[in-house]
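One structure is given here, and the rest of the page talks about it.
The values are calculated or read from the model by the stated rules, or taken from the named source; none is laboratory data. Fair warning: this is a prediction, and the values are worked out from it, not measured in the lab. We place every Cβ from the backbone using ideal geometry, glycine too, and count neighbours over all the protein chains shown. Note: areas computed on protein heavy atoms with side chains; ligands, DNA, RNA excluded. Shrake-Rupley method; radii C 1.70, N 1.55, O 1.52, S 1.80 Å.
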Amino acid sequence: MSLEYHLSYLPKKDYYIFHDLRLYAGKHYFQIDILILTPFFISILEVKNISGSLYFNPAFTQMVRTIEDKEEGFPDPVKQVKRQAYQLKCWIEKQRFPVLPIEPLVVIANERSVIKFDPRDKINPQLVIPSSEIPYKINYFKNKYKNEAHSNGQLKKLINKLKTSHTLLLTEILQRYQISPTELKQGVQCQKCSSFPMIRIHGRWICSACKHLSKDAHIQSLKEYSLLINQSISNAQAKEYLGIKSRDSVKRLLQSVSGKKGGANRGTKYTLDFFIDNPSSLH
């Protein structure tokens, strides 16, 4: 079962979930696969989708994978997620927010993998879990931390700060190679034959090359827009980018994918928070 399936057991009203969050820590960036935020605690998940038999060796801070009688060493993901927890703590302190308890976890997403520990190891078995254990482990933390470290107002501010501080690596690549967003190919791409552009007719997208039909082909295009150009978009920008003439049609599409909007009338901007779950909670 997918990681999203196990995360779906966490009630949306209680948890705010970030995916692939990338923050600047002064000299370097650090990235968190999944950050689960509550008023009581934070849990960060380092996700590993590695097959085989996985042995966590605390003596050498290494993970050893055995598959088809071959051994292969990997950097210790427990050490990695602990470092991320420390970096996140320092980042929160630097932003002058109260620091929540931070619980790091390594999640083995491949359900066929076998997780092994040294019998003397008392630490790693508490920090390494299969993906199916996510809801139970998060519920354990919920019962562990009873004191609210952040008010609802403080939590909203922290959420907004995390969102605005998130830096996309793809954006940096565009800047490094001096590629202008206007040079990117616009329009909705056909997911079947990869042709540009698809045409919007009667609420559906049709490929002008292979005649493939889709109801939601625009979502991938808007995801790419949010990654490469901006995480907010106006009606006029979306009309041009998606190749739709009708302002009302664009408005309906943006309202269906956007968590919230800002501004008024023609100045309205729709947020494209595709990397965050539960964008409408805590408002």
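Worth a mention:
- Of the criteria (1) at pLDDT below 90; (2) in contact with a helix residue (DSSP H, G or I) (Cβ under 7 Å, 6 or more places away or on another chain), which one residue 153 fails: (2)
- Residues located in the stretch 89-145, provided they are touching a His at 6+ places or on another chain (Cβ under 8 Å) and at pLDDT below 90: 98
- Output for the stretch 31-45, where each listed residue is open to solvent by 10 Å² or more (accessible area, probe 1.4 Å) and either in a strand (DSSP E or B) or of a type in the set (Ser, Thr, Tyr) (or both): 31, 33
- Any hit, the stretch 261-273, residues being modelled with pLDDT of 80 or more and open to solvent by 50 Å² or more (accessible area, probe 1.4 Å): yes
- The stretch 46-71, subset in a loop (DSSP other than H, G, I, E, B) and in contact (Cβ under 8 Å) with a residue 60 or more places away in the chain, residue surrounded by the fewest Cβ atoms within 10 Å (Cβ to Cβ): 49
- Number of residues in the stretch 96-129 that are farther than 17 Å from residue 44 by Cβ and either part of a strand (DSSP E or B) or open to solvent by 60 Å² or more (accessible area, probe 1.4 Å) (or both) equals 10.
- Subset of the stretch 72-95 that is of a type in the set (Phe, Trp, Tyr) and either closer than 15 Å to residue 25 by Cβ or assigned to a loop (DSSP other than H, G, I, E, B) (or both) - its residue that is least open to solvent (accessible area, probe 1.4 Å): 91
- In the stretch 211-246, the residues that are in a helix (DSSP H, G or I) and of a type in the set (Ser, Thr, Tyr): 221, 225, 226, 241
- Filtering the stretch 189-210 to residues that are closer than 19 Å to residue 223 by Cβ and assigned to a loop (DSSP other than H, G, I, E, B) leaves 189, 190, 191, 192, 194, 195, 196, 197.
- Boolean, residue 250 is in contact with a His (Cβ under 8 Å, 6 or more places away or on another chain), surrounded by 15 or more Cβ atoms within 10 Å (Cβ to Cβ) and either touching a residue at least 12 places away in the same chain (Cβ under 8 Å) or basic (Lys, Arg) (or both): no
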